[in-house]
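A short write-up of the structure that comes next.
The values are calculated or read from the model by the stated rules, or taken from the named source; none is laboratory data. Note that the structure is a prediction, hence the values are computed from the model and not measured. Heads up, the Cβs are rebuilt from the backbone with ideal geometry, glycines too, and the neighbour counts pull from every protein chain shown. Note: areas computed on protein heavy atoms with side chains; ligands, DNA, RNA excluded. Shrake-Rupley method; radii C 1.70, N 1.55, O 1.52, S 1.80 Å.
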Number of protein chains: 2
Amino acid sequence: MSFLQRSTRFGINSSQLALARSVSVTKVATAVPVDHGMKVCNPKTSTKRERVVVLGSGWGGFTVAKNLDPKLYDVTVVSPTGYFTFTPLLASTSVGTLEFRTALEPVRRLKNVNLSMARAESIDFKTQTVTLNSAVPSPATSSSHSLPPRAHNKAMTIAPEKHQDERFVVGYDKLVISVGAFSATFGTPGVYEHAHFLKDIRDARAIRKRILDCFERASQPFIKEAEIRALLAFRIVGGGPTGIEFAAELHDLITSDMKRIYPDLVGFSTISLYDVAPGILLSFEESLREYAMRRFSRDNVIVRPNSRVLEVGPGWMEIEGEGKVPFGLLVWSTGLEPNPLIKSISQADKDPRSQSLFTDNFLRVLDKETGEPMKNVYAIGDNSMIKDGPKLPATAQVANQKALNLAANLNNAGTEKPDTEFILRNKGSMVYLGSWRAIIDRTATNVSGPKGEVTGLSAWFLWRSAYWSMSSWRNRLLMSVYWGMNLITGRDISRF
Amino acid sequence: MSFLQRSTRFGINSSQLALARSVSVTKVATAVPVDHGMKVCNPKTSTKRERVVVLGSGWGGFTVAKNLDPKLYDVTVVSPTGYFTFTPLLASTSVGTLEFRTALEPVRRLKNVNLSMARAESIDFKTQTVTLNSAVPSPATSSSHSLPPRAHNKAMTIAPEKHQDERFVVGYDKLVISVGAFSATFGTPGVYEHAHFLKDIRDARAIRKRILDCFERASQPFIKEAEIRALLAFRIVGGGPTGIEFAAELHDLITSDMKRIYPDLVGFSTISLYDVAPGILLSFEESLREYAMRRFSRDNVIVRPNSRVLEVGPGWMEIEGEGKVPFGLLVWSTGLEPNPLIKSISQADKDPRSQSLFTDNFLRVLDKETGEPMKNVYAIGDNSMIKDGPKLPATAQVANQKALNLAANLNNAGTEKPDTEFILRNKGSMVYLGSWRAIIDRTATNVSGPKGEVTGLSAWFLWRSAYWSMSSWRNRLLMSVYWGMNLITGRDISRF
């Protein structure tokens, strides 16, 4: 075909490049012995630097990759999405308070870090290799539509047959396991098919569209009142911080923008929050929980503790002892279940209940047989816990601090500096409650600074400031613009 | 079900609202006689004001709705998307220079304008009613995914069976037909399935994801050089302003951000632009066309005139006399074909070639039998042309000016002011060429101000200023932020 003979564009000599490319791949293939019958492919190699492969690009993986010394390490992040999601802002983006991209940091933006857009399927600790499955199917044969929401869950657990396997192997000198966990459904039928999680930016986009769909549908002239009530019944299962913040942001959206745009409809809308436990925000101090309940009661957000969901269908869910209730949108946020990669690991010591990988205080994965640290394998974030240590929650704060500790220890290589054990510097927790009110629990904090509890407007201000200061300056600028603009003109309500 | 008995949320009395709602619908149903067996449903009514129904929310429909006097008219826009697309910025958003929402204006943001998110299927000029088909399916039974790209084309022409029919009827006192036109494929097989149009924001989003998919796929270690070249072969069919501007923006993306992120890959990428005509930008002055060709040649954008595409498949297209060439992305922009609604109208006088509705100089649709203006029916934008008038191009400028003329005439109602005939105030045309260069053709302009031709950096500056000044202040602010930020940090390259 004639296009193949054409001279290369953009002034780069193609044969040189092709050579450089193939050489680097071959070199690795001969350097690392594998018996998979698959070629070992590392994106770039350096004879001097150790290859660190980081599995996952969440709070743990992204942070460790960002902080490793590029003079010491050749870092490759393995991630099916290719970006870090700033999870505390997901609820804000799902109702249009912030544009989606303000909650994203692409791995490709990190200097001196390689990205392999793939899923890790299995680890061979003896040969120090990881088998990956490409997460980028051929665009010509795949649908031209956007990635489906929840693909990170469904592709693995529901519809593995849809994903065409294209496996390859990467070798590592050091491995960081930080693949996180999946949303738990406790086996409830229909959750994957009919509910929305809120773990990824694609979830947030699907939720945003669904909320606007519900209002638009309810405004069609042929829709009767019972159906309007069903469409505008927004239900949330899970009374942890994610569920609470989504309920709060949704309340803000409905009482401001939706009230302005659909004045005849907002009166039919309800927000209800269910939890199987006897209360919400159980990790918070009691006075803060009571404050949250008072705020929600004042804002007409219905809280239903002690509620067990038996089944979810299209537009309805069945609650034990109550029967079927309809919904326009159901957001499901009830905790975590283990990632399939973690399930597949048999050589490591794991927590029997959560299946998390046990590590020592230096975040090294422990061998199941010997109880000793495995060679060159580390685990951080929601897929791991420190054996015999205090039980730490599966939060961004813990994952982020573990990543910083691990990166600092790895950066000690070649120096006299001793490695430091991981100790959580508990900065407290905070949750947004809607109507410019938040709660901050710093009763358990072990760092300098203010202690105790904060509620209300000042807590809201601290809540926003904290997330603002944790973002890249690019996203800080965008957050400031969107927050300011939406205050004046309202949120963007176009659905596309 | 218990939720039905719950008291209404957000402090609005639901039974009052339900009553107000049903009354307004019933009133219209008795006021306008129809024999469809369908209830006539107008969203809101007022006994004093005339009901203007505007079909379409593009340059014509959105502008007329925005400018009608709400004291005189009760305006309802019928639109399957519910938003206005600022088409000149689509190419910019499709490569990430601007965020998608900067090219959107939701109809719901217009004060005193009702929206019916639906497609107009047929018009009964005698009873003054329009039959609509809801464009908002039930969210519970439809997929939770985003709207598919090109749904505005495919739903009507390729897959009508997928759309569940929910028809209803609206009555009008005055009707404005501004549904635009569809992208022409000239019957070329495979275009709908495998090429991308660039008419809607969903097209832009699909293209943006596809470009990043191609580069990510090409960077997977198991992809061979021939496939890399195929993936990074970006082809455009159509040498008009849309195709040219997309080629230009894509060139900018590749030579800046992609070069930084995929330095080993950009050397394999090509941009090729095909047209069946002997040249590109044929509506522009010859010296400007030559300037454009020189710029493209310098930027390694290949221009292939006199090329006829015979068929498009997944990842390839067949060109007459050349055979099959592969592509990673094919953007198709070859002109317009009539909207099905316009095809369905038999009582009106139409241009035999384009099937556009003929109007008089007051933009009134003409009766086929009598040649006289039909009562209360107007047509503007790409679905219409003035009979015996000068042939005007199907551009935003023409649609926008016709809409302003029509709104001004309609706002004369009840005054002594005479209606004015439409005369185009030709402000010239402009096209972006990449690398901060543009061309502006003001040789045919009939308004005060500078005449003649402008090229290069100054034309680029005028190009950006013009679109900036035509946007809402909300979008102006966003455009400024994104332009400034992307200049410093590069475009956002996360794909989700």
Given labels modelled 7 Å from the Cα in the Cβ direction, how far is it in nm from B:Arg167 to A:Arg464?
5.0
1/(1 + (r/R0)^6) with r = Cβ-Cβ of A:Thr420 and B:Lys343, R0 = 56 Å, i.e. FRET efficiency to nearest 0.05, evaluates to 0.15
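Full extension from B:Ser256 to B:Lys48: what is 0.36 nm times the residue separation minus their Cα-Cα distance, to one decimal in nm?
The span from B:Ser256 to B:Lys48 would gain 69.1 nm if fully extended.
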Partner shielding of B:102-114, taken as the mean number of other chain Cβ atoms within 10 Å, equals 3
If you count only protein heavy atoms with a 1.4 Å probe, what accessible area per residue comes out for the protein assembly as shown, rounded to a whole Å²?
40
For the pair B:Glu453 and A:Ala277, how long in nm is the line joining their label points, each one 7 Å along Cα→Cβ?
7.2
Angle check, please: helix A:241-253 long axis (alpha carbons) against the longest principal axis of chain A (alpha carbons), in degrees 0 to 90, nearest 10.
50
Non-local amide H neighbours of B:Val54 (under 5 Å, H modeled in plane, Pro and chain starts lacking H): which ones?
B:Thr76, B:Val77, B:Val78, B:Val176
Among A:Gly171, A:Leu478, A:Thr185, whose Cα lies farthest out toward the positive end of the dipole of chain A, if unit charges sit on the beta carbon of Lys, Arg (+1) and Asp, Glu (-1)?
A:Leu478
By how many degrees, 0 to 90 and rounded to 10, does the Cα axis of helix B:473-489 deviate from the longest principal axis of chain B?
20
Treating cross-link reach as a plain straight distance, find the aspartates and glutamates whose alpha-carbon is under 16 Å from the alpha-carbon of B:Lys350, omitting any fewer than eight places away in the same chain.
B:Glu337, B:Asp360, B:Asp367, B:Glu369, B:Glu372, B:Asp382, B:Asp388
Can you compute 3J(HN,Hα) from phi for each residue in the stretch B:104-120, using the Karplus curve 6.51 cos²θ - 1.76 cosθ + 1.60 with θ = phi - 60°, rounded to whole Hz and x for Gly and Pro?
10, 9, x, 4, 5, 7, 6, 6, 6, 10, 8, 10, 10, 7, 7, 9, 7
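Within chain A, what's the longest stretch lacking GluC sites (Glu not before Pro) that sit in DSSP loops with no more than 14 other Cβ atoms inside 10 Å? Walk me through the numbers before you get to the answer.
Details: sites that count: A:Glu320, A:Glu369, A:Glu416, A:Glu421.
No qualifying site falls inside A:1-319, the longest such stretch.
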Calculate the length of the line joining the C-alpha centroid of the stretch A:431-474 to that of the stretch A:309-381, in whole Å.
28
Roughly how many Å is it from the Cα centre of the stretch B:242-257 to that of the stretch A:396-427, as a whole number?
44
Relative contact order (%) - the stretch A:367-426, alpha-carbon pairs under 8 angstrom, separation at least six
25
So if I take the centroid of the Cα atoms in the stretch B:158-222 and the same for the stretch B:57-79, what is the distance between those two points in Å?
25
For A:Ser356, other-chain or 5+-apart residues with amide H closer than 5 Å (H placed, Pro excluded) are A:Asp351
Are there any residues in the stretch A:457-496 with a reduction of at least 40 Å² in accessible surface when going from the isolated chain to the assembly of protein chains? Probe 1.4 Å, please list them by number.
A:Trp473, A:Arg474, A:Leu478, A:Val481, A:Tyr482, A:Met485, A:Thr489, A:Asp492, A:Ile493, A:Ser494, A:Arg495, A:Phe496
With only helices counted (DSSP H, runs n ≥ 4, each -39500 (n - 2.57)), the per-residue ellipticity at 222 nm for the protein assembly as shown, to the nearest 500, works out to -9000 deg cm²/dmol
HN-Hα couplings for the stretch A:342-357 via Karplus (6.51, -1.76, 1.60; θ = phi - 60°), in whole Hz with x for Gly/Pro, come out as 5, 4, 6, 8, 10, 7, 9, 6, 10, 5, x, 6, 8, 6, 5, 6
Computed on protein heavy atoms with a 1.4 Å probe, what is the summed buried accessible area for the chain pair B and A, in Å² to the nearest 100?
10200
Quickly work out the B:Asp69-to-A:Asp69 label distance, labels modelled 7 Å from Cα along the C-beta direction, and quote it in nm with one decimal.
7.7
FRET E, pair B:Leu336, A:Ser472, Förster distance 56 Å, beta-carbon r, rounded to 0.05
0.85
In straight Cα distance, which lysines are under 23 Å from A:Lys324, not counting same-chain residues fewer than 8 positions off?
A:Lys224
Pop out the carbon and sulfur fraction of the accessible area of chain B as a percent, whole number, probe 1.4 Å.
53
Förster radius 35 Å - calculated FRET efficiency between B:Ala408 and B:Asp124 (Cβ-Cβ, nearest 0.05)
0.80
In percent, what relative contact order does chain A have, based on Cα pairs under 8 Å that are 6 or more apart in sequence?
16
Distance cut-off 22 Å, Cα to Cα: go down the list A:Lys259/B:Lys111; B:Lys417/B:Lys451; B:Lys66/B:Lys402; B:Lys375/B:Lys427 and report the pairs above it.
B:Lys417/B:Lys451; B:Lys375/B:Lys427
Roughly how crowded by other chains is peptide B:209-216, in terms of the mean Cβ count from those chains within 10 Å of each of its Cβ atoms?
5
Lys, Arg +1 and Asp, Glu -1 on Cβ, resulting dipole of the stretch A:329-423 about Cα centre, debye, nearest 20:
220
Once you average over the residues of B:392-398, how many Cβ atoms of partner chains fall within 10 Å of each Cβ?
0
State whether the stretch A:214-373 is rounded, prolate or oblate according to the following rule on the C-alpha gyration tensor (a ≥ b ≥ c being the square roots of its eigenvalues): a/c under 1.5 gives rounded; otherwise a/b larger than b/c gives prolate, and the remaining case gives oblate.
prolate
Restricting to the protein assembly as shown, what percent of DSSP beta bridges are antiparallel, rounded to 5?
55
